[in-house]
Structures are given as structure tokens and as C-alpha cells.
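In what follows, a single structure is set out as C-alpha cells and then discussed.
The values are calculated or read from the model by the stated rules, or taken from the named source; none is laboratory data. These figures come from a predicted structure and were not determined experimentally. So basically every Cβ, Gly included, is an ideal-geometry build from the backbone, and we count neighbours across all protein chains shown.
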Amino acid sequence: MNLTRRGAFGLVASGAASSLILPRFALAQADNRPSITIAVQKISNSNTLEVLREQSNVGERVFFSSLWEGLIGRDWMGELKAVPELATEWTRISDSVIELKLRQGVKFHNGDEMTAEDVVFSFGSARMFGDTLPVAQGRTIQVRGEGIPTRAGRDLPAEVPAVARRSWPALERVEAVDKYTVRFHNATPDVTLEGRLSRYGSQIISRRAYVEAETWFDWARKPVTTGPYKVAEFRPDQSLTLVAHDEYWGGRPPVKQIRFVEVPEVSARINMLKTGEAQFACDIPPDQIGGIEADRKFEVQGGTILNHRLTVFDKNHPQLVDARVRRAMTHSIDRDAIVESLWSNRTEVPKGLQWPYYDDMFIADWSVPKFDQAEARRLLKEAGYKGDPIPYRLLNNYYTNQTPTAQVLVEMWNQVGLNVQIEMKENWSQILERSPTRAVRDWSNSAPFNDPVSSLVSQHGPNGQQQQVGEWSNDEMNRLSVELETGTDRARRKVVFRRMLEIAEREDPAYTVLHQNATFTAKRRDIAWKASPAFAMDFRRGNWGG
Amino acid sequence: MLRFLSIRLLRAALTIGLVVTFAFIVLRMSGDPALLIMSADAPPEAVAAFRKAWGLDEPLWNQYLSYFGAILHGDLGQSMRDGRPAIQLVAERIPATLALTVPALIMKIGIGIPAGIFAALHRNSFLDRAVMITAVAGFTVPSFVLGLLLVLVFAVQLGWLPSGGQEGWRHAILPIITMGAGGAAVLARFTRSAMLEVLGQPYIRTASAKGVSWRAVVRHHALPNAAIPTVTIVGFMVGSLLAGAVVVESVFSWPGVGRLLVVAVANRDLAVVQCILLLVAATMVTANIVVDLLYGFLDPRLRSGVKA
């Protein structure tokens with residue numbers, strides 16, 4: 001065998017390379033954690049993975065608790081209450097200032113340690129607020145109308161500061177007290193600061209990774225955060241691959257790779273589960289559950305989530321100007337029948353637009369208007385309703401069971417003499433279009449944090465969608481909204497909240513709650529994993545294989 | 001010939017212009033991209049900011065002039081959802097779509113035309129009936145039904161093939177068969193009808209009477225004359241190579257132009273929809289021009305007609 005100098009060098013080099021490669025290969029071989037595939041209807045509506053742009057239920061599913069984490073997190077597998085996450089403790093300095101101690105040793109996906117600087121940057125103008133300014137609640141929020149991200153590349157999309165200001169209307173600044181301590185200064189007293197810190201959109205990013213990203217969209221497709229899984233590949237409208245972040249502060253993640261695959265057709269998702277191409281199939285309609293569970297290899301998990309389905313009224317419509325007609329509509333709905341027939345009792349009728357996780361703000365003795373056809377007829381007679389048509393703008397199953405629910409509602413209203421007529425629409429702008437035919441429509445409301453400000457004020461208050469699109473307004477409600485937002489006396493706030501529910505659900509109905517929404521996930525029965533009472537899918541250690 | 005081409009190109013430009021204008025108006029009149037991309041629950045301020053940023057708050061005529069001006073400069077716009085040039089998004093999806101539509105087109109031609117010829121040559125026989133019953137079944141069953149049926153049998157029951165996605169050649173088999181089956185059936189029926197019509201012509205009888213072999217009669221007299229209607233259909237199929245797989249791509253979760261179109265329409269991602277429609281119209285128009293030229297090649301009488 002002739003060994004030249006060049007050959008010898010090659011051998012040495014290849015040997016060295018092998019020594020570098022082999023241990024890693026061996027490590028990879030030793031990593032016997034499973035990889036899973038999850039078939040979902042949609043991964044992201046906005047084609048980004050940035051919490052300030054993708055504000056949706058489908059986004060919640062892939063973001064929490066796999067990718068994004070906040071200072072204060074949520075108990076995803078419990079009652080969704082606020083729990084320490086990237087902050088270990090917090091203290092109120094005053095009604096408008098809160099101090100948080102950061103968890104030490106938290107590593108971002110790029111290996112950097114999380115410090116107060118990252119927190120300050122996460123809530124800064126470059127990443128969140130653009131050139132908007134904090135203002136007192138109830139007033140118009142200034143929004144920058146320039147900076148299209150696709151043109152300049154690095155500017156914030158115009159909607160990001162608006163979304164951020166909606167979450168933090170009066171946040172003045174975040175101060176780094178030391179490397180592991182931050183203070184949030186609000187412009188007004190706010191008892192919901194802790195809640196706002198736990199809400200969708202208040203998560204922490206790596207300052208270095210954000211600054212180094214070439215464009216905002218590059219960042220938004222591969223955000224660098226602290227979650228147990230990091231983005232390996234995101235193909236918009238197709239798939240999202242997350243891989244384990246082994247330096248995760250909460251311990252080595254139990255799954256090696258999570259792959260979300262976008263499969264629009266429900267039958268195709270179920271087929272992927274049955275063929276073994278996917279281990280989970282999400283967004284399963286209630287009427288498919290029996291068929292899936294007929295095979296003992298599979299089960300369907302899930303149930304109610306923090307989201308209520310509503311019927312919404314436009315009080316400007318000639319037939320609905322008189323509140324008695326709207327009240328009659330709320331009394332003629334047999335909600336239990338809807339839950340039983342269309343949801344197989346897998347959801348429930350809640351106590352109005354509120355959730356038990358409001359804790360001391362939850363009004364336990366409140367309820368939706370009673371199903372009382374005699375009362376409905378009496379109200380219609382008093383109002384002098386003559387049977388004129390009331391249009392009902394409807395999307396085709398945007399919500400689960402939306403169309404059959406609408407058909408049932410129309411029949412129920414018809415039984416008391418209400419002439420409600422369905423008008424099918426293609427999209428939301430057609431539903432919300434201001435015109436004489438806008439009267440009744442569907443909606444759903446969530447509570448991003450554990451206070452009624454996050455739902456009743458946010459959705460139906462003066463800055464809420466219903467008032468912004470001109471469907472409904474009530475002077476007393478608007479005054480009380482400001483009081484609920486800025487008040488610090490919890491007993492008084494609860495009185496205010498009750499009064500607001502009376503106005504919006506009983507006296508001058510803006511909407512009526514039909515039932516709590518639910519989501520269902522089909523999976524292989526032999527996988528030890530539990531669904532959370534939310535869209536979020538938890539693949540952390542405590543919820544896998546135990 | 002130059003005049004013929006000039007007229008065709010002028011017509012093509014006009015057709016594309018009309019398609020683009022129609023799409024522009026309909027898309028903007030039937031939905032607000034801001035609400036659709038950001039969802040109905042988005043804060044009103046965010047919706048307003050989005051509209052302003054993308055010029056959606058400007059008068060329609062102003063938007064139209066800007067859009068048309070940009071097209072003339074080769075700028076097909078930016079995706080509102082993705083933040084990238086629309087043409088880049090569409091171009092990324094074209095290979096996936098062609099990976100289905102081209103083999104499906106080959107399958108349509110490779111099965112449909114021979115089957116049609118075979119049925120015509122065995123007119124009213126058992127074989128003719130069998131081919132035609134299969135063909136009728138092929139084009140009456142909607143592609144989404146056939147697709148689901150194939151998945152049920154070959155993926156769920158037999159486990160031979162994957163049910164969806166795009167991760168290798170095996171994933172393409174069922175979508176190609178789903179697309180190819182319907183098109184082959186259509187071609188078989190058209191080819192059979194055209195052949196039967198030609199086989200009944202006096203020149204076929206004359207050729208046979210002159211002692212030309214039946215095989216030669218079919219090859220040199222029947223097939224060229226029966227080709228014109230078949231070429232028309234094939235031309236249409238070639239024209240729909242880019243956007244002809246909308247349903248199949250949805251059923252099989254295949255990330256091609258068809259699925260991009262569905263998502264873009266649903267979200268009123270205006271630039272992307274318009275870009276796809278522009279490309280589809282251009283492909284269709286080009287295919288039509290090529291078919292027109294082929295007519296002249298297949299039938300010299302049409303060439304002289306052009307000259308006249």
C-alpha cells in the first residue's frame with residue numbers, strides 16, 4: 001500500500017471528521033424520543049408565527065405551550081390560571097407598577113440567556129408599539145399608518161402596534177432594574193396588569209435574534225423564543241416542524257419532533273390518523289367522534305374551551321330598535337336542546353359572557369336568559385312586532401355546527417312568531433357590512449386573561465368590535481367600561497361588571513350567549529397525552545407518556 | 001401568417017386584460033382583505049392600520065390604476081399575508097402542481113385517445129360498450145368523490161399508498177390517478193365521437209374501395225381528420241395545467257397552485273389571486289394560440305382559409 005503525504009493527510013482529516021461526526025451520530029441514535037405528526041385544518045391564518053400578528057385559535061394551538069412563553073404563563077392543563085413561567089415571582093409596587101423577578105438560566109433557542117434586556121426589548125417600540133403612545137382607556141388609540149413590512153423589510157407591519165396597544169393600551173415603559181428584575185410602568189391604575197402579562201401577545205423574544213433577522217417576516221416565520229420546542233421549518237399553508245429545545249429550562253422535552261401538517265378536509269385528517277401518517281387529528285366535528293371511537297385504537301379528547309358562541313344583534317335595524325324584540329329572541333332559544341342535539345352534550349351553556357377562571361370577579365348566580373316562549377310572545381306583543389322579516393347573516397360553518405345551529409335558532413324564533421330569515425354570506429366583511437339588512441349574526445368571544453375587561457369591555461365596550469362597526473352602543477355601558485378598566489376597588493368592580501352584564505344580556509341586549517365552544521382532537525389511544533381546556537396543545541414533560 | 005398571429009395576440013392581450021380587470025373588481029367588491037387576513041376579532045385599529053398600509057382605503061379607481069401601472073412595469077404586487085412578491089409565492093408552487101398535472105395529462109392522453117379509437121373501431125361491440133361505460137363513469141364521478149374513494153381503498157383499507165401530503169413520488173400516485181381518470185374519460189368519448197364521424201365519411205369508403213388496407217385507412221385518413229376536436233380538448237387540458245388541480249390538491253393536501261389559489265381567495269390576498277389568474281389566463285390563451293396553429297398543420301384547408 002502506497003501512502004503519499006496527501007493521502008495521509010486525507011486519512012487524518014477523514015478520521016478527525018469521523019471523530020466529530022460519529023459521537024453526534026451515536027447521540028442521535030441514542031435519542032429514542034418519538035417524533036409525531038399532527039394533522040390540523042390550519043396552522044396560521046397570517047402565514048407567520050409571531051404572536052402579535054397571528055392572533056387566532058389556530059395560532060394558540062401551535063404557540064402555547066410549545067413555542068412561546070411569557071413572564072406569567074397559564075396553567076394549560078388545569079384551569080388556565082396565571083402561573084409563574086419566565087418570571088418566578090411578582091410584586092405590586094403600586095396600582096400602576098408591577099415588579100417581576102426573572103427566572104435565571106433560561107436559554108433562548110439560539111443559546112443566549114434570557115435577561116431583563118430581552119424583556120425590555122420585547123415590550124419596546126421596535127418590536128411592539130412602533131410609534132404609538134400610551135393613552136388613557138376609552139380614547140382613540142393612535143396608530144402608525146406607514147411601514148409596510150414587505151417593502152422596507154424591517155418595519156413593523158402596520159397592524160402589530162395596533163394589536164400591541166389593544167393588549168397594552170396604557171403601558172408606559174418597562175424598566176430593567178437589574179439583570180433579572182424588571183418593572184412594568186402603566187400610565188393608569190390597572191388591576192389587570194398580571195392578567196395582561198399572561199395574555200396572548202405578551203411573550204418574550206430574544207433581542208439579538210430579532211435584531212439580526214434580515215426582515216420582519218424572516219423573524220416572524222422563525223421566531224427565537226424560550227419554549228420547549230423551536231422552529232425547524234415553517235412552510236406557510238403546508239407544515240410547521242418544531243424540534244426539541246434540549247436546553248429548555250423546564251427539562252428535556254419528551255418529543256423529538258412535532259410536525260403540524262395542514263390538511264383542510266376533515267375526512268383527510270381522519271384518514272391520516274387511521275393510516276398512521278398522523279398520530280393526532282385536530283378540529284374534529286362532534287358528529288365524527290362516534291365513528292372514530294368505533295375503532296378502539298383511537299380516541300377523541302377535548303371539550304369546552306375559553307370561548308363562547310354568541311348571537312349578536314344590530315339594534316339599529318328597524319325590527320330590533322325596540323329592546324323587547326331582542327329580549328324576546330334571547331328568551332325563545334332552548335340552548336340545552338342545541339347542546340344536546342348538535343354537540344352530544346360535549347359542551348355546556350355557560351353563565352353568560354364570563355368564565356369561572358375570573359375567580360372573585362366571576363358572578364356565580366348569573367345565567368343566560370331563561371328559555372320561556374310565553375315571555376317571548378308577551379314581549380313581542382308589547383313591542384307591537386308584526387312579523388316583519390329580520391335578516392340573519394350567516395357564514396357556512398365558520399364555527400363548528402354554525403349552519404345547523406342557525407337553522408335550529410330560526411325554527412325556535414319562528415315558534416314564538418319571529419320571522420328571521422337566513423342570508424348566506426361568504427366572508428366576514430359581508431357579514432359586517434353596514435347596510436339596512438344587517439340585523440342578526442354569529443360571533444364568538446374569548447377571554448384572553450382572567451378579568452371581564454378582556455371580554456365584555458374588549459369586545460362590547462366603546463372600543464370593542466360591536467360598537468366600532470356600529471351595531472350597538474349604550475351610554476351607561478360605556479361609562480361602566482371605563483370604570484371597570486381603571487377601577488382598583490375589586491368589590492366595586494364586581495358590582496360594575498354585574499350591571500354591565502344586565503345591560504348587555506338582559507335590558508338592552510347586544511348579544512346572547514348560546515353555548516361554550518369546544519374543540520376535539522382525535523389521537524391514538526395508546527399515546528399517553530391529555531388535551532387541555534383550550535386550543536393549546538401541551539407537549540411538555542408533564543403531559544407526555546406519564 | 002403574420003396577420004393571423006397579430007390578431008390572435010391582440011385577442012390574447014384583450015382576454016388577459018379583461019380577466020385581470022374582472023378579478024380586480026370582484027375581489028374588492030366581495031370582501032375586505034383586512035378583516036379576512038386578520039380575522040373578525042382583530043382590533044378595529046389594527047384593521048384600519050392594515051387597510052391604510054395596503055392602500056385599501058383609497059378609491060377603487062385609484063387602486064386599479066396603481067395596480068395596472070405596476071403590472072405594466074412587471075410588478076405583480078406583494079402578498080398581504082406572506083409579505084413576499086406574489087409571483088415568487090406562485091412560482092414556488094408551480095413545480096408541485098406540474099408534478100401532478102403533467103403526469104395526469106400524459107395519462108389522459110395515453111389512455112383516453114387509444115381507448116376512444118379502440119371503441120370507435122369496435123363500434124357497438126361488447127368492448128365498445130365496456131369502454132364507454134367506464135368512460136361515462138369516469139367523467140360523471142366528481143374528482144373529490146373519486147379521490148376520497150381511492151384514499152379509502154388504497155390508503156385506509158389496503159395501506160399501500162399515503163393518503164395525502166407531498167413527501168415523495170408515492171404521495172403523487174393517487175392524486176394523479178384521480179385527475180387523470182376524469183380527463184381520460186372525456187378524451188375517450190370525444191375521440192370516439194370524432195372517429196365515428198370520420199369513419200362515416202365518403203372518402204373513407206373511397207379509400208377502402210380502392211383497396212387500401214384498413215390499417216392504412218385508419219392511420220392516414222381517419223386519425224388525422226379526427227384529430228381536430230381531440231386537439232381542441234387536449235389544448236384546453238394543457239391550458240389548465242396550472243390551476244386545474246384545485247379540488248384534487250385540496251383533497252390530498254397537495255401544496256400546489258390550486259391550494260394557494262383557494263387560500264388566497266378565501267383571505268382576499270389580492271395580489272396572489274390576481275397573479276395566479278393572470279398566469280392561468282396567459283397559459284390558457286397561449287394554449288389556444290398553439291391549438292389554432294395546430295389546426296392549420298392538421299388541416300391544410302384551414303391554412304388557406306387564413307390566407308384568404
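Within the stretch B:9-21, the set of residues being over 14 Å from B:T286 (Cβ atoms) and surrounded by 12 or more Cβ atoms within 10 Å (Cβ to Cβ) comprises B:G17, B:V20, B:T21.
The number of residues in the stretch B:24-56 being farther than 28 Å from A:L133 by Cβ and facing chain A (nearest Cβ under 7 Å) comes to 3. Exactly one residue among B:P59, B:P85 is within 24 Å of A:A162 (Cα to Cα) and either away from every other protein chain (no Cβ under 14 Å) or touching a strand residue (DSSP E or B) at 6+ places or on another chain (Cβ under 7 Å) (or both), and that residue is B:P59.
For the stretch A:462-477, the set of residues classified as within 21 Å of the chain's Cα centre (by Cα), assigned to a loop (DSSP other than H, G, I, E, B) and touching a residue at least 40 places away in the same chain (Cβ under 8 Å) consists of A:N463 only. When A:R259 is tested against the conditions (1) within 14 Å of chain B (Cβ to nearest Cβ); (2) surrounded by 23 or more Cβ atoms within 10 Å (Cβ to Cβ), the lone failure is (2).
Residue-by-condition table, conditions (1) within 23 Å of B:A99 (Cβ to Cβ); (2) buried (at least 19 other Cβ atoms within 10 Å of the Cβ); (3) more than 22 Å from the chain's Cα centre (by Cα):
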site	(1), (2), (3)
B:V141	no, no, no
B:F144	yes, no, no
B:V151	yes, yes, yes
B:Y203	no, no, yes
B:T206	no, no, yes
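Among the helices (runs of 4 or more DSSP H) confined to the stretch B:215-290, the ones with at least 3 residues that are within 14 Å of chain A (Cβ to nearest Cβ), touching a residue at least 60 places away in the same chain (Cβ under 8 Å) and among the hydrophobic types (A, V, I, L, M, F, W, C) are located at B:246-251, B:257-266.
Report yes if A:A323 is surrounded by fewer than 23 Cβ atoms within 10 Å (Cβ to Cβ) and more than 25 Å from the chain's Cα centre (by Cα), otherwise no. Give the derivation first.
Numbers: surrounded by fewer than 23 Cβ atoms within 10 Å (Cβ to Cβ): yes; more than 25 Å from the chain's Cα centre (by Cα): yes.
Here the answer is yes, as A:A323 does meet what is asked.
Looking across the stretch A:212-238, just one residue is small (G, A, S), within 14 Å of chain B (Cβ to nearest Cβ) and surrounded by fewer than 21 Cβ atoms within 10 Å (Cβ to Cβ), and that is A:A213.
Restricting to the stretch A:429-456, give me the number of residues that are assigned to a helix (DSSP H, G or I) and free of Cβ contacts under 8 Å to residues at least 40 places away in the same chain.
If we filter the stretch A:429-456 for residues that are assigned to a helix (DSSP H, G or I), which is where we start, we get A:429-432, A:452-454, A:456.
Then drop every residue that is not free of Cβ contacts under 8 Å to residues at least 40 places away in the same chain, which leaves A:429-432.
Going through the stretch A:429-456 one residue at a time, the tally reaches 4.
For the stretch A:29-39, a residue qualifies if it is within 21 Å of B:G165 (Cα to Cα) and either under 16 Å from the mean Cα position of the chain (by Cα) or assigned to a loop (DSSP other than H, G, I, E, B) (or both), and exactly one does: A:P34. On the stretch given as the stretch B:135-157, residues that are of a type in the set (A, V, I, L, M) and at the interface with chain A (Cβ under 10 Å from one of its Cβ atoms) total 5. Filtered by the rule that a residue be surrounded by fewer than 21 Cβ atoms within 10 Å (Cβ to Cβ) and β-branched (V, I, T), the stretch B:73-116 gives B:I87, B:I94, B:V102, B:I106, B:I109, B:I111. When B:L27, B:L35, B:L2, B:L56 are checked against the criterion of being closer than 16 Å to B:A264 by Cβ and either at pLDDT below 80 or among the hydroxyl-bearing types (S, T, Y) (or both), a single residue qualifies: B:L35.
A quick yes/no check of all residues on (1) more than 10 Å from every other protein chain (Cβ to nearest Cβ); (2) polar (S, T, N, Q); (3) more than 23 Å from A:D489 (Cβ to Cβ); (4) surrounded by fewer than 23 Cβ atoms within 10 Å (Cβ to Cβ):
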{"residue": "A:E433", "(1), (2), (3), (4)": "no, no, yes, yes"}
{"residue": "A:T437", "(1), (2), (3), (4)": "yes, yes, yes, yes"}
{"residue": "A:S446", "(1), (2), (3), (4)": "no, yes, yes, yes"}
{"residue": "A:F449", "(1), (2), (3), (4)": "yes, no, no, no"}
{"residue": "A:V453", "(1), (2), (3), (4)": "yes, no, no, no"}
{"residue": "A:L456", "(1), (2), (3), (4)": "yes, no, no, no"}
{"residue": "A:Q459", "(1), (2), (3), (4)": "no, yes, yes, no"}
{"residue": "A:W472", "(1), (2), (3), (4)": "yes, no, yes, yes"}
{"residue": "A:E476", "(1), (2), (3), (4)": "yes, no, no, yes"}
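Whether a residue is in contact (Cβ under 8 Å) with a residue 60 or more places away in the chain and either within 14 Å of chain B (Cβ to nearest Cβ) or not in a helix (DSSP H, G or I) (or both) was assessed, and A:V191 passes this test. Tell me, please, whether a residue that is surrounded by fewer than 24 Cβ atoms within 10 Å (Cβ to Cβ), assigned to a helix (DSSP H, G or I), more than 13 Å from every other protein chain (Cβ to nearest Cβ) and of a type in the set (S, T, N, Q) can be found in the stretch B:171-194. Yes, that holds for at least one residue. Against the test of being under 20 Å from A:A39 (Cβ atoms), in a helix (DSSP H, G or I) and of a type outside the set (V, I, T), the options B:L105, B:L127, B:L150 yield a single qualifying residue, B:L150. Considering the conditions (1) in contact with a Gly (Cβ under 8 Å, 6 or more places away or on another chain); (2) among the hydrophobic types (A, V, I, L, M, F, W, C); (3) farther than 25 Å from A:A447 by Cα, A:A383 is excluded by exactly one of them, (1).
Only one of these is within 14 Å of another protein chain (Cβ to nearest Cβ) and either among the hydroxyl-bearing types (S, T, Y) or in contact (Cβ under 8 Å) with a residue 60 or more places away in the chain (or both): B:G112, B:G77. Name it. Break it down stepwise before answering.
Numbers: B:G112 fails: within 14 Å of another protein chain (Cβ to nearest Cβ).
Step by step, each of B:G112, B:G77 is checked, and only B:G77 is within 14 Å of another protein chain (Cβ to nearest Cβ) and either among the hydroxyl-bearing types (S, T, Y) or in contact (Cβ under 8 Å) with a residue 60 or more places away in the chain (or both).
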